[in-house]
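Peer 1: One structure is given below, represented as structure tokens, and several questions about it will come after.
The values are calculated or read from the model by the stated rules, or taken from the named source; none is laboratory data. On a predicted model such as this, the values are computed, not experimentally measured, just so you know. Neighbour counts are summed over all protein chains in view; Cβ atoms, including those assigned to glycine, are modelled from backbone coordinates with ideal geometry.
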Amino acid sequence: MNSGSLPDGPSHEAKHPKKLIFAPGDIQTTSEPKITPTETPDPSATAIGVTTAPAPISRLAAEALRSNASTPDSVTENEIVSHPARAHQFVSNPPLTISQMHPTNPLHQFHNWFRDPRLLPSSAPETCTLATASMPSGRVSARVVYLKELDERGWVVYSNWGSREGKGGQVFGNHADGEDTLSAMPEPGQDESLQAGLQEGNKWAALTFCWSNLERQVRIEGLVEPLSRDESEMYWRTRERGSQIGAWASWQSKVLWSMEPELLLDRRRKSLDPTSCPQMQVPGDVDEKDIDDGRALLEKRVKEMEERFAGVEQIPLPPFWGGVRLVPESVEFWQGRRSRLHDRFRYVRVHKEDGEEGGYRWRIQRLSP
């Protein structure tokens, strides 16, 4: 991945913000370095005293944990509750102090953590959870996505945003008239009046990174903004052709198939009864117990898109597909500590009182665990 330096001040604005991270396609797997017991993987880490391994939990207690029927007696209950293995202790890192935090910019601090040599590409450190909420109900949904870019404004992910059944409807709004079509992504800075045909969306979202092997977590909360068409186009060109076809074929989160449990059981019984349909010829590579569950409809759409773009060298970017940037209002850096006394530092965006656009600074806070 490419890295670069960013200005600390908020006044630097550009049509294409400078990238700290740009990951076109999947991160290649690299061999993991071997670390001997005498070596410390984190150069900034201090030595940690050697502790003896806890005694293994007894067979009786283990059986009590696995059983749904047995109730542990006082002896096994005490062993289960008091056993050290039941409460993981975070001991990988030295204390996290304010001197280790970037003084003015959480994006730089994230970049420093993301570039930690202990975060191996094979562990997919770009994996994160994006949470959005529907309005006006406030119902929250979350899904795992891949960070593809980090620039001077925020965190960038790419996906299908045109389906009102999925996160696109939550963020950018739904068709008020129930129109059965995929919506085109809005352009950056598009006047809200131009979206009068859409029900109100909720631009607030959260992104969470969890790096268990480092005992670290980063939580970002902020507002979603769409990337420009040409920014999304640049990433689109790095995707393999099959993924581009898939993006055109899939109406993300749209129901392909559904059935009530009673009908499903009846269908299964009939599929096992050879007398119910003796003339049916089942292909050799198909399990006779299988029934149509909607996958065939998706495969049909894929074939249709393959035929549609058969003679096209460069498949165009779908109007409903592209990148969005989560512009942070707060960024929390969490690092595990023993006895659950974790270290937590949060950057909070403080806007200027005069309301000047682009005028803000970052306030750093230590939070109680």
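Yes/no per residue for (1) touching a Lys or Arg at 6+ places or on another chain (Cβ under 9 Å); (2) assigned to a strand (DSSP E or B); (3) within 18 Å of residue 19 (Cα to Cα):
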position: 96; (1), (2), (3): yes, no, no
position: 111; (1), (2), (3): no, no, yes
position: 137; (1), (2), (3): no, no, no
position: 143; (1), (2), (3): yes, yes, no
position: 153; (1), (2), (3): yes, no, yes
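Peer 1: Also, I was wondering about something else. Pick from 168, 162: which is assigned by TED's automatic domain parsing to the domain that holds residue 332, touching a Phe, Trp or Tyr at 6+ places or on another chain (Cβ under 6 Å) and either basic (Lys, Arg) or not in a loop (DSSP other than H, G, I, E, B) (or both)? Before you say what the answer is, go through the steps one by one.
Peer 2: On the way: 162 fails: either basic (Lys, Arg) or not in a loop (DSSP other than H, G, I, E, B) (or both).
Criteria check complete, one pass: 168.
Peer 1: Cβ contacts < 8 Å: first residue within 17 Å of residue 155 (Cα to Cα) and at pLDDT below 95, restricted to the stretch 229-240; second residue surrounded by 14 or more Cβ atoms within 10 Å (Cβ to Cβ) and of a type in the set (Lys, Arg), any location; separation 6+ or different chain. Result?
Peer 2: 235/148
Peer 1: Would you please name the residue that is farthest from residue 167 (Cα to Cα), looking only at residues in the stretch 311-341 that are surrounded by fewer than 20 Cβ atoms within 10 Å (Cβ to Cβ) and small (Gly, Ala, Ser)?
Peer 2: My answer is 339.
Peer 1: Need the failing condition index for residue 223 against (1) farther than 12 Å from residue 317 by Cα; (2) aliphatic (A, V, I, L, M); (3) not in a strand (DSSP E or B), just the number.
Peer 2: The failed condition is (3).
Peer 1: Condition (residue is basic (Lys, Arg), at pLDDT below 90 and over 18 Å from the mean Cα position of the chain (by Cα)) applied to the stretch 248-256: is it met by at least one residue?
Peer 2: At the first step, the residues of the stretch 248-256 found to be basic (Lys, Arg) are 254.
Next, from what is left, pick out any that are at pLDDT below 90: 254.
Checking the rest, the ones that are also over 18 Å from the mean Cα position of the chain (by Cα) come to 254.
Looking for residues that are basic (Lys, Arg), at pLDDT below 90 and over 18 Å from the mean Cα position of the chain (by Cα), one finds at least one in the stretch 248-256, hence yes.
Peer 1: Among the residues of the stretch 117-153, what is the count of those that are more than 14 Å from residue 171 (Cβ to Cβ), within 15 Å of the chain's Cα centre (by Cα) and not polar (S, T, N, Q)?
Peer 2: Here the count works out to 10.
Peer 1: Here is a check on your reading of the model: is residue 156 free of Cβ contacts under 8 Å to residues at least 60 places away in the same chain, under 23 Å from residue 238 (Cα atoms) and assigned by TED's automatic domain parsing to the domain that holds residue 323? Outline the logic, then answer.
Peer 2: Values: free of Cβ contacts under 8 Å to residues at least 60 places away in the same chain: no; under 23 Å from residue 238 (Cα atoms): yes; assigned by TED's automatic domain parsing to the domain that holds residue 323: yes.
No, not satisfied.
Peer 1: With the checklist (1) farther than 19 Å from residue 365 by Cα; (2) part of a helix (DSSP H, G or I) in hand, flag the one item residue 118 doesn't pass.
Peer 2: Only one criterion is unmet by residue 118, namely (2).
Peer 1: Assuming residue 353 fulfils every condition listed in (1) touching a strand residue (DSSP E or B) at 6+ places or on another chain (Cβ under 8 Å); (2) not in a strand (DSSP E or B) apart from one, which condition is it?
Peer 2: (1)
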